[in-house]
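The values are calculated or read from the model by the stated rules, or taken from the named source; none is laboratory data. Given the structure is predicted, the values throughout are model-derived calculations rather than measurements. Cβ: placed from backbone, ideal geometry, glycine included. Neighbour counts: every protein chain shown. Just the protein is used for accessible areas: all its heavy atoms, side chains included, with ligands, DNA and RNA removed. Shrake-Rupley method; radii C 1.70, N 1.55, O 1.52, S 1.80 Å.
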Amino acid sequence: MALNGIQIFKLTPKKNCKECGCPTCMAFSMKVAQGAMKIEQCPHMSEDALASLSEATAPPMKTIKVGAGAEELTLGGETVLFRHEKTFVNKSRYAVELCTCMDDATVEAKLAEIPKVDYDRIGERMYTELVYVNCAADADADKYVALVQKAAGLGRTLVLGCTDVEIAKAAVEVCKDSKPVLNGANASNYEAMNAVATAAGVVLGVSGKDLNELYDTVAALEKLGNKNLVLDVTGADVKETFGNAVQVRRAALKDQDRTFGYPSIVNLAKIAGGDYHLQAALAAVFTMKYGSIIVMERMTYAEALPLYGLRQNVFTDPQKPMRVEPGIYPMNGADENSLVVTTVDFALTYFLVTGELERSGVPLNLVINDAGGLSVLTSWAAGKFSGNSISAFFKENVEPKVKSRRLVIPGKVAVLKGDLEAKLPGWEIIVGPREAVQLVKFLKDLDA
């Protein structure tokens, strides 16, 4: 059971040294209890205290890392059932399935299709992070290993869906350096699969015919010393899978049952095979409830655009505004004499505006003001995007670096024109369009 602030405080050195960033050890203890800080951030905590507190203050769901290098992914580590309670921590990851049951043409088409979905949205790369390589019941080791090698050529993290111990051992051997997930342990083979996964140093996926069997198998693996696990909660149909996913998460977070405190795999290719529209809908459902790895038969732009947008919204911390760093951003080959355009630091505004500015091709310096991570009208209404704040930022950060004295402000705050002209003498203040989509024509006409 998680400790409260008083229990943690009793084990602190009580120096009130402030080196952790908190004014007192009590304040530090309360933040640790809330999950806002880690116990290791106290530089004076004794080894005995760290040992006794680390397990008790750890999240009820383990944090599991899969993949290697640039493709390393972090799963789990969740602390709440609902995003509004605090925040979700590590986002769902999407996998496209390959199977030994597919013919060569289908496999090659899928391998060519997977890299096509790869784009940026609000500073985050959106792409299929994993490839699920399934071993059909009638496949032999050579065929499966060959498919695994082809999938590994994409450079994505692999999930090996294989319950045959010898075939799994051969497949892991050819890709273990990339740290795949070996999703193949069940009640009948968990000891042998555990040996394969442990020897290769990879995460082991565990499944069961129902939640009771899954629980017992996980408990048995933990007794063998393996806590580097993910739980395949896929059931016989959509209803059972949804119930499994929710019950496993609830048991871990609400009931503090650490046996179920692991990330999950949901295989939509199994419960909705052939129905791409249903899989897309279910991917959205399990992004919210509570798939760590979600397996689909395909991922096209039609599925990706709404799905990744949903994921980005769900896994954004509701207590922190999405914002970019204030500063000067030269665009389209701009220099110190180029036109100046300004807007707020709200991330969505920034990426919408920069997309249109790049499309215009006009050299300019985009100045991002510190507006508290709020939109243009909201920050103006709150007094964070005002004549005073903009002029102060420009005098301190822009005027020493930029010679141009032509400034375009958002059309939604045209009311600031007079105030800025008074506070920024020598600057020509130009009122821009109200909407980002109008910037291309506006800038080309202005530059003509």
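You will find that of Tyr329, Tyr290, the residue that is in contact with a helix residue (DSSP H, G or I) (Cβ under 8 Å, 6 or more places away or on another chain), farther than 30 Å from Val233 by Cα and hydroxyl-bearing (Ser, Thr, Tyr) is Tyr329 and no other. Return a yes/no flag: does segment 182-198 have any residue that is surrounded by fewer than 20 Cβ atoms within 10 Å (Cβ to Cβ), part of a helix (DSSP H, G or I) and of a type in the set (Ser, Thr, Tyr). So far as segment 182-198 goes, yes, one or more of its residues are surrounded by fewer than 20 Cβ atoms within 10 Å (Cβ to Cβ), part of a helix (DSSP H, G or I) and of a type in the set (Ser, Thr, Tyr). Out of all the residues in segment 299-315, is one or more assigned to a loop (DSSP other than H, G, I, E, B) and more than 19 Å from Val89 (Cα to Cα)? Looking through segment 299-315, at least one residue is assigned to a loop (DSSP other than H, G, I, E, B) and more than 19 Å from Val89 (Cα to Cα).
Taking segment 374-448 as the region of interest, none of the helices (runs of 4 or more DSSP H) fully inside it holds 3 or more residues being in contact with a Ser or Thr (Cβ under 7 Å, 6 or more places away or on another chain) and without any contact (Cβ under 8 Å) to a residue 24 or more places away in the chain.
Considering Met296, Met288, Met322, the condition of being within 26 Å of Gly208 (Cβ to Cβ), of a type in the set (A, V, I, L, M, F, W, C), open to solvent by 50 Å² or more (accessible area, probe 1.4 Å) and touching a residue at least 12 places away in the same chain (Cβ under 8 Å) is satisfied by Met288 alone. Here Val440 meets the list (1) open to solvent by 10 Å² or more (accessible area, probe 1.4 Å); (2) hydrophobic (A, V, I, L, M, F, W, C); (3) touching a Leu at 6+ places or on another chain (Cβ under 8 Å) almost entirely, failing just condition (3). Summed over segment 5-26, residues that are in a helix (DSSP H, G or I), of a type in the set (A, V, I, L, M) and closer than 26 Å to Met61 by Cβ total 2. All of (1) closer than 23 Å to Asp177 by Cβ; (2) in contact (Cβ under 8 Å) with a residue 12 or more places away in the chain hold for Met126 with one exception: (1).
For Lys110, the conditions (1) buried (at least 16 other Cβ atoms within 10 Å of the Cβ); (2) within 26 Å of Lys289 (Cα to Cα); (3) of a type in the set (D, E, K, R) all hold with the exception of (2). Across segment 330-353, the number of residues qualifying as more than 20 Å from Ala414 (Cα to Cα) and at pLDDT below 90 comes to 3. Which is under 24 Å from the mean Cα position of the chain (by Cα), open to solvent by 30 Å² or more (accessible area, probe 1.4 Å) and closer than 21 Å to Leu160 by Cα, of Lys38, Lys65? Going through Lys38, Lys65 in turn, just one is under 24 Å from the mean Cα position of the chain (by Cα), open to solvent by 30 Å² or more (accessible area, probe 1.4 Å) and closer than 21 Å to Leu160 by Cα: Lys65. Contact map, segment 6-34: first residue at positive phi, second residue outside any helix (DSSP H, G or I), Cβ cut-off under 6 Å, separation 6 or more or different chains; pairs are Asn16/Thr24.
Ala33 meets each of the listed conditions (1) modelled with pLDDT under 95; (2) open to solvent by 30 Å² or more (accessible area, probe 1.4 Å); (3) of a type outside the set (Ser, Thr, Tyr); (4) part of a loop (DSSP other than H, G, I, E, B) apart from (4).
Considering (1) touching a residue at least 24 places away in the same chain (Cβ under 8 Å); (2) closer than 23 Å to Ala281 by Cβ; (3) open to solvent by 10 Å² or more (accessible area, probe 1.4 Å), the lone condition that Val233 does not fulfil carries the number (3). Taking the criterion of being within 36 Å of the chain's Cα centre (by Cα) and open to solvent by less than 80 Å² (accessible area, probe 1.4 Å), would at least one residue in segment 423-432 satisfy it? Taking every residue of segment 423-432 in turn, at least one turns out to be within 36 Å of the chain's Cα centre (by Cα) and open to solvent by less than 80 Å² (accessible area, probe 1.4 Å).
Within the set Tyr276, Tyr290, the sole residue that is in contact with a strand residue (DSSP E or B) (Cβ under 9 Å, 6 or more places away or on another chain) and over 20 Å from Lys91 (Cβ atoms) turns out to be Tyr276. Residue check: Arg249 meets all listed conditions (1) open to solvent by less than 30 Å² (accessible area, probe 1.4 Å); (2) assigned to a loop (DSSP other than H, G, I, E, B) but one, namely (2).
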